[in-house]
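Participant: Can you keep this structure in mind? I'll have questions shortly.
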Amino acid sequence: MKNLLDFILTHLVDYPEDIAIEETENEYGESVYEIKLNEADAPRIIGRSGSMIKAIRKLVQNAAFQEGQRIKINLEV
């Protein structure tokens, strides 16, 4: 899932070299992805009223569900 998330994000931002994705696991057994990116790219990834980040989360969560995984995505700027 990390590769899918990285692929999506690198094609949406102006500074793909600043993307950092950290994967951890929470107490419920879910994989948690912490995305760090350049401040200039944050509005592009968040979108109007959070619509873009919601779409990215939905897309990656659906792909993970098909593989029997549960994930969460957090965005840090």
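Quick note: the coordinates plus some simple rules give every number you see, no bench work behind them. Just so we're clear, the structure is a prediction, and the values are computed from it rather than from any experiment. Every residue, glycine among them, receives a Cβ derived from its backbone with ideal geometry; neighbour counts consider all protein chains shown.
Participant: For Lys36, all conditions in the list (1) of a type outside the set (A, V, I, L, M, F, W, C); (2) under 13 Å from the mean Cα position of the chain (by Cα); (3) farther than 18 Å from Asp18 by Cα hold save one; what is the number of the exception?
Facilitator: Result: Lys36 fails condition (3) only.
Participant: Limited to the range 1-59, what total is found for residues that are touching a residue at least 12 places away in the same chain (Cβ under 8 Å), among the polar types (S, T, N, Q) and under 13 Å from Asn74 (Cα atoms)?
Facilitator: Residues flagged as touching a residue at least 12 places away in the same chain (Cβ under 8 Å), among the polar types (S, T, N, Q) and under 13 Å from Asn74 (Cα atoms) within the range 1-59 amount to 2.
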